Amino acid sequence: MRINAVQLSWFRGAAEPVALDLNGKSMAVYGSNGSGKSSFVDAIEYVISNGKIEHLAHEHSGRRQEKAVRNTHTPEGGKIFLSIKFRDGTEHKVKIGADGHQTSAGPPTIAMPAWEYRRTILRQHEAAQFIQSTKGDKYSALLPLLGLQPLERAAENLRQLAKSIEDQSKLPEARTRIADAAMRRNSVFATDTKEEILAKVFDLHTKYCPDKAATTEARTRCEELKTSIAARVNASSADQRRHVALNDAALLDLKAHIDAVRTANGKLAGAVEPLIAEKLQVLESTGAYVDKLDDQAAVNCPACGRPIPVDAFEAHIQSEREKLQGVIHTFNTCKTTIATLCNTVRLLQTTLKKADLKSWQDELADGALAPNLAYLDKIDSEELRKACGEDELKAIEENLISLIDAAASSSKAAPPDAQELSTAKQTVDVVAEMIAAKAQEAAAKRAETLISFIGALEKSTRAEIKAQAKEVIDEISADIQAMWAILHPGEPIDNLQLYIPADADKAVDIKLRFHGVEQDSPRLTLSEGHRNSLGLCIFLAMSKREGQSDRPVFLDDVVVSFDREHRGMIAEILKEHFNTRQVIVLTHDRDWYADLRVQLPGNDWGFKTLLPYESPDLGIRWSHKTGTFDDARSLLKDRPDAAANDARKIMDVELAIVAEKLKLKFPFVRGEKNDRRMAHDFLERLLAEGRKCFQKKAGADYGFHADAMKAIDCANRLLSTWGNRASHSTDVVRPEATALIDACECALGFFTCSSCQKLIWFADAANQEAVQCGCGEIRWRYGKACK
Amino acid sequence: MSRAESWVTAVITDAKAVHPLVTGVVSTWMENLLTGELRERQLTKTELTEIAKQLLNDMVPAPPVQETKQ
């Protein structure tokens, strides 16, 4: 959406309301340093960035930048506001309180706060920022243009979903329980086959559940058996119950669990210790890695610090990730084995504290195992879960194994019926565990399949992101190359490209060819001026990509480091690539501004100049002229000699353009050769040729433009006298300088038609040997007919 | 069919071919998620947990349908 006007009141350099009137057109604005040009750009940034202006973000500007955004001389009751009016008649208004608090309202269809700063405004110091930013930042800057946010979100959601499934399915714990059940099976049934085990269950079921002969499913049989056996135990004598309980304790395989924790701890230490040592190297190697990025033949891996060829980098990173995954798995296994040990300890506590074992405990309390019983009472399984090192394992081993042995020893003296009941109970418990483990194994397999499936979807999504990003990036690269070719025709720096590095996600970098040699970064070889030039091309190529939105583009003093040759070509880029967009160019470069006035088409572009800044009370002020003589006038009061000298410099520049456009008999070459010619040379030539060539309409025909020649002659005489004196001494008084400035401005003014306001070279005349203004009121005949 | 939709269908088909144990319910649901909810916003942990639970449930193959005689 095109902007019609940007109005400021007591904002930054502005005092009473001042407007940059654009009327939907592009605009070149000239203003000397400090004249207030950037205040208009600040206003746009203020709205886009929700009340923040990046270059004002510092400790002195206040929490809401209130000390920086308001004019220092805002009078009491002075209203600070911004207004951006659009071509469709809508307006975005911002009121700013003295404390910096802002009230902002704008049309939702335009939604200025959603505009991307990095594709709307380019300031002088930002030109090379993109080049110097990290690969990740480059990618972030490009991401909105790529239109890939939905896919990025999908990929991230998939990654998180896989993690969530892993958490929900408790895979490591399930695997440990499955392994535990297998261990118990081997301990109780040794090499018995599945059928033999089920036959045992069948026999027990027949014996203990005679009334439920119809049950055939093993799981149900086990459940029925558990109930029946528990009922029999409860109905048995105290002595029998004591033996069953002792047998329960004796069957707890605490030693195996201690060994499992010890093994897992050992594995974890084995995995973690070298990993920690390796990771310590990362800090060192990361620095070395960054230093060596310029030489991509071999780099130090940021994960482990080892030198590695770039082509092997991706595989190496993958192996590092797998190594880390291995450690995570070992860590989880260790946690699970500790949890199992804690559960076993708690089960031992519960079992030995059963009322049925009260007499047995009393016997132990008077004997050598009294301390062991006290230890069992005191041990906190939750604390053990947090810290279970070798000291804790040894204590458990020394104190609790002997208790289990004692229980086993006592249970051996059990009467046969109690022994039989206990064995049946053990058989049923282990078979029930095996059945549960089988179900868990199936669930774990399903979870693993699901995680792998979602991982594959994430991988494909990331591949699609890369593929789509490449398409867009290639298109942007083509524009960068085209713009670079305009700025640097025939130069041996070419093939500039944005690209996605093969070894990274969410990264973009720039490469180029320098005198035929491929370079991985512009920072290797490009000068500051070239880097800024490339930065400008990248900014414009990215902004161009948003063509459909028709948002304006602001270029604020972006040619500071450009030399004249390259600076002059920017207008060509604007004409070729931005002819349908609104562009606002602000500059303090008078020569470039003069060039732009000539180069850019007057139908699409407007030209304005700001008066030099005098005081915050007066604020930003526009000159009523498009020329730059007001700069010279601002010096009249204190330094008339400088004012006259300034006028001469303006004439040097402006007349060089006039001479070139009117094909005066000089070898007119744009650039430095004309820089050595003075205004006086051009005026002499204009006077010599103008008497025949400069014509004004008189009725149906054309006649000699006497007024123009008189003005040119006057300017020439004053420049030869007072102008030269101003250049070589300070002996020029204010009236002389005033007359000189007025004469120069008047002389140049004759090259613009007073009727149609177009320059005399606006169009070729019909006979192709003359140029004329838009309406044909004035013309310059340079062809044979003039001789 | 938009580019996004046709791409998702192809991706699901490829992944399903490599993971034949994934049920039809899960692959259909993932296809819907990939063209919709997963793209629209970053899901919260609670939402992801809920989806994870349901997906795990849906990974259990449906019991075979028994034919009934009229």
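The values are calculated or read from the model by the stated rules, or taken from the named source; none is laboratory data. Everything quoted here is computed from the prediction, not taken from an experiment. Because the Cβ atoms are built from the backbone with ideal geometry, glycine has one as well, and the counts that use them run over all protein chains shown. Surface areas here come from the heavy atoms of the whole protein model, side chains and all, with no ligands, DNA or RNA. Shrake-Rupley method; radii C 1.70, N 1.55, O 1.52, S 1.80 Å.
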Which number in (1) in a helix (DSSP H, G or I); (2) more than 14 Å from chain B (Cβ to nearest Cβ); (3) open to solvent by 30 Å² or more (accessible area, probe 1.4 Å); (4) hydrophobic (A, V, I, L, M, F, W, C) marks the one condition that residue A:480 misses? (3)
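Looking at A:121, A:110, A:178, A:131, which is the one that is buried (at least 20 other Cβ atoms within 10 Å of the Cβ) and either closer than 28 Å to residue A:25 by Cβ or touching a residue at least 12 places away in the same chain (Cβ under 8 Å) (or both)?
Values: A:110 fails: buried (at least 20 other Cβ atoms within 10 Å of the Cβ); A:178 fails: buried (at least 20 other Cβ atoms within 10 Å of the Cβ); A:131 fails: buried (at least 20 other Cβ atoms within 10 Å of the Cβ).
Exactly one of A:121, A:110, A:178, A:131 is buried (at least 20 other Cβ atoms within 10 Å of the Cβ) and either closer than 28 Å to residue A:25 by Cβ or touching a residue at least 12 places away in the same chain (Cβ under 8 Å) (or both), namely A:121.
Which of the strands (runs of 3 or more DSSP E) contained wholly in the stretch A:60-111 include at least 2 residues that are touching a strand residue (DSSP E or B) at 6+ places or on another chain (Cβ under 9 Å) and of a type in the set (Ser, Thr, Tyr)?
On the way: elements: A:80-86, A:91-96, A:102-105.
Qualifying strands (runs of 3 or more DSSP E): A:102-105.
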With respect to residue A:163, is the statement that it is in a helix (DSSP H, G or I), open to solvent by 10 Å² or more (accessible area, probe 1.4 Å) and at pLDDT 85 or above true? yes
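Could you tell me whether residue A:67 is among the charged types (D, E, K, R) and either touching a Pro at 6+ places or on another chain (Cβ under 6 Å) or crowded, with 17+ Cβ neighbours inside 10 Å (or both)?
Working: among the charged types (D, E, K, R): yes; either touching a Pro at 6+ places or on another chain (Cβ under 6 Å) or crowded, with 17+ Cβ neighbours inside 10 Å (or both): no.
So residue A:67 fails the test.
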Kindly indicate which of A:9, A:32, A:83 is more than 23 Å from residue A:605 (Cα to Cα) and surrounded by fewer than 22 Cβ atoms within 10 Å (Cβ to Cβ). A:9
Residues of the stretch A:374-384 being over 14 Å from residue A:399 (Cβ atoms) and open to solvent by 90 Å² or more (accessible area, probe 1.4 Å), in sequence order, are A:383
Could we say that residue A:99 is modelled with pLDDT of 85 or more and either away from chain B (no Cβ under 14 Å) or open to solvent by 60 Å² or more (accessible area, probe 1.4 Å) (or both) here? yes
Looking at the stretch A:493-565, what strands (runs of 3 or more DSSP E) fall wholly within it and have at least 3 residues that are within 29 Å of residue A:594 (Cα to Cα)? A:553-556
When the stretch B:15-26 is checked residue by residue, the ones that are at the interface with chain A (Cβ under 7 Å from one of its Cβ atoms), part of a helix (DSSP H, G or I) and not β-branched (Val, Ile, Thr) are B:15
Can you tell which of B:12, B:51 is more than 15 Å from residue A:449 (Cβ to Cβ) and crowded, with 18+ Cβ neighbours inside 10 Å? B:51
Note down all Cβ pairs under 6 Å where the first residue falls in the stretch A:439-450 and is within 13 Å of residue A:181 (Cβ to Cβ) and of a type outside the set (D, E, K, R), the second is open to solvent by less than 50 Å² (accessible area, probe 1.4 Å) and part of a helix (DSSP H, G or I), and they're at least six residues apart or on different chains. A:440/A:174; A:440/A:178; A:444/A:171; A:444/A:174
Checking the condition part of a helix (DSSP H, G or I) and closer than 30 Å to residue A:169 by Cα, which residue from A:457, A:403, A:421 passes? A:457
Answer from A:673, A:692, A:663 - the residue that is modelled with pLDDT under 85 and farther than 21 Å from residue A:758 by Cβ: A:673
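Within the group A:351, A:330, which residue is open to solvent by less than 30 Å² (accessible area, probe 1.4 Å) and at pLDDT below 85? Spell out how you get there, then give the answer.
On the way: A:351 fails: at pLDDT below 85.
Result: A:330 is the single residue among A:351, A:330 that is open to solvent by less than 30 Å² (accessible area, probe 1.4 Å) and at pLDDT below 85.
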Residue selected from the stretch A:149-165 under the condition more than 7 Å from chain B (Cβ to nearest Cβ) and without any contact (Cβ under 8 Å) to a residue 60 or more places away in the chain, by the criterion nearest to residue A:507 (Cα to Cα): A:149
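Within the stretch A:362-373, can you find the residues that are part of a helix (DSSP H, G or I) and open to solvent by 50 Å² or more (accessible area, probe 1.4 Å)?
Restricting attention to the stretch A:362-373, the residues satisfying the condition of being part of a helix (DSSP H, G or I) are A:362-365, A:370-373.
Of everything in the stretch A:362-373, those that are part of a helix (DSSP H, G or I) and open to solvent by 50 Å² or more (accessible area, probe 1.4 Å) turn out to be A:362, A:363, A:365, A:371.
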Matching residues, the stretch B:27-54, being outside any helix (DSSP H, G or I), at the interface with chain A (Cβ under 7 Å from one of its Cβ atoms) and not aliphatic (A, V, I, L, M): B:41, B:42
Going by the conditions given, is residue A:726 farther than 17 Å from residue A:658 by Cβ and small (Gly, Ala, Ser)? yes
